[in-house]
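S.K.: Once you've had a glance at the structure underneath, I'll fire off some questions.
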Amino acid sequence: MVAALGSLAGCSSGGDGSNSTEFQTPDTESVRRADSSIRLPFEDYQLSRADRRRMQEGTAHLIDKCMQGRKQTGYLLTGSYLDSMPGIENFNPLNWGGPFGTLPLKHAEKYGYKPAPGGLSSPGSGFYLPSPADVGMGISEPGDHSDLLNSFHGRPDGTGRKGCVQEIEDRLDAPVDDISRLEADLNQLAREHPSVAGAMASWRDCMTEAGHEYDTVWSASLEFNSSPTSPRQIEVAVADVTCTEQSGWADYFYFVLADYQRQSIEQDPVVLESALKAEQKRFAAVERELARER
């Protein structure tokens, strides 16, 4: 069988100009167990998690220094690898940071979907794809923050001075290649695989029998995306982990996704090689700018 996706980001167009890419549907007769240590082929073309974190923290530091120079306060810098958390009661925007669907049972029994103190964390739930470079801004207090937003983003009409984000980007001169569309498209293709779709349906049935009705495998964690750990969250998370293991949806999903990623690399390795070089260049640029401030 052949699976096809149209308009895959970064993929070469076919000879007919349709910009579509075809993949052989993976055989799932010998699926292996997926756990939190799983490593996907695309990760060979990324900086390590520690280096991505350092790169994003460095970018945030440079932006923060720019914002301070403009006398701005009352904001919070956010990003995939930042532990920023607004001080709001009964609000926890961080989630366990391992691969979705591989949450350990012991962790779920103690923390639900939330990260352990000092452990891996993620600002998103479900099939969240982290961005290695982008830094955003949160505002903790209500009111008019037009001056703060202009300092961060720049003026919408482009007539004022650049925002701190663009100012730092210009200093770094090292943008990261965005292959998130490619990653998302392959994730979707993997979810549509018959074995994966069937296992996900089994997960739904299992959760319903446990007294928790959810339409998708990410709906349970999404419900508690910004909530602190609670008895109900732990109950749902434990049922989620149990049903994930019984249905095997994560095993099938990551097996199929890895196969599709390998096919993508074979079809157009330049896309991934370019992405890695861009991350390496960005990391070096951030280190250079940080060194200048010492």
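The values are calculated or read from the model by the stated rules, or taken from the named source; none is laboratory data. Nothing here was measured: the structure is a model prediction, and the numbers come from that model. For neighbour counting, all protein chains shown are included, and Cβ atoms are generated from backbone atoms with ideal geometry for every residue, glycine included. Each accessible area value is taken on the protein alone, full model and side chains, heavy atoms only, with ligands, DNA and RNA left out. Shrake-Rupley method; radii C 1.70, N 1.55, O 1.52, S 1.80 Å.
S.K.: Can you go through 93, 117 and tell me which one is open to solvent by 30 Å² or more (accessible area, probe 1.4 Å) and not hydroxyl-bearing (Ser, Thr, Tyr)?
M.R.: On the way: 93 fails: open to solvent by 30 Å² or more (accessible area, probe 1.4 Å).
That would be 117, the only listed residue that is open to solvent by 30 Å² or more (accessible area, probe 1.4 Å) and not hydroxyl-bearing (Ser, Thr, Tyr).
S.K.: In region 220-238, what residues are out of contact with any Asp or Glu (no Cβ under 9 Å at 6 or more places or on another chain) and assigned to a helix (DSSP H, G or I)?
M.R.: 222, 223, 231, 232, 235
S.K.: Which ones in region 168-186 are surrounded by fewer than 17 Cβ atoms within 10 Å (Cβ to Cβ) and in contact with a helix residue (DSSP H, G or I) (Cβ under 9 Å, 6 or more places away or on another chain)? Full working, then the answer.
M.R.: Initially, region 168-186 is screened for residues surrounded by fewer than 17 Cβ atoms within 10 Å (Cβ to Cβ), giving 170-171, 173, 175, 178, 180-181, 184.
The answer is 171, 173, 175, 178.
S.K.: Looking at region 248-259 only, could you name the residues that are over 11 Å from residue 197 (Cβ atoms) and in a helix (DSSP H, G or I)?
M.R.: The first filter runs over region 248-259 and keeps only residues over 11 Å from residue 197 (Cβ atoms), leaving 248, 250-251, 254-255, 257-259.
Passing the criteria: 250, 251, 254, 255, 257, 258, 259.
S.K.: Out of the residues in region 38-73 meeting the condition of being of a type outside the set (Val, Ile, Thr), more than 19 Å from residue 292 (Cα to Cα) and more than 26 Å from the chain's Cα centre (by Cα), tell me which one is most open to solvent (accessible area, probe 1.4 Å).
M.R.: Checked region 38-73; the qualifying residue most open to solvent (accessible area, probe 1.4 Å) is 71.
S.K.: Right, something else. For the structure I just gave you, tell me whether residue 131 is in a loop (DSSP other than H, G, I, E, B), free of Cβ contacts under 8 Å to residues at least 60 places away in the same chain, in contact with a Ser or Thr (Cβ under 6 Å, 6 or more places away or on another chain) and not aliphatic (A, V, I, L, M). It would help to see each step written out before you state the result.
M.R.: Numbers: in a loop (DSSP other than H, G, I, E, B): yes; free of Cβ contacts under 8 Å to residues at least 60 places away in the same chain: yes; in contact with a Ser or Thr (Cβ under 6 Å, 6 or more places away or on another chain): yes; not aliphatic (A, V, I, L, M): yes.
Against the criterion (in a loop (DSSP other than H, G, I, E, B), free of Cβ contacts under 8 Å to residues at least 60 places away in the same chain, in contact with a Ser or Thr (Cβ under 6 Å, 6 or more places away or on another chain) and not aliphatic (A, V, I, L, M)), residue 131 qualifies.
S.K.: Being part of a loop (DSSP other than H, G, I, E, B), modelled with pLDDT of 95 or more, among the aliphatic types (A, V, I, L, M) and closer than 26 Å to residue 112 by Cα narrows it down to one residue among 196, 217; which is it?
M.R.: On the way: 196 fails: part of a loop (DSSP other than H, G, I, E, B).
None of the other options fit; the residue is 217.
S.K.: Kindly establish whether residue 267 is farther than 18 Å from residue 191 by Cβ, surrounded by fewer than 18 Cβ atoms within 10 Å (Cβ to Cβ) and in contact with a Cys (Cβ under 6 Å, 6 or more places away or on another chain). Break it down into steps so the answer makes sense when it comes.
M.R.: On the way: farther than 18 Å from residue 191 by Cβ: yes; surrounded by fewer than 18 Cβ atoms within 10 Å (Cβ to Cβ): yes; in contact with a Cys (Cβ under 6 Å, 6 or more places away or on another chain): no.
Against the criterion (farther than 18 Å from residue 191 by Cβ, surrounded by fewer than 18 Cβ atoms within 10 Å (Cβ to Cβ) and in contact with a Cys (Cβ under 6 Å, 6 or more places away or on another chain)), residue 267 does not qualify.
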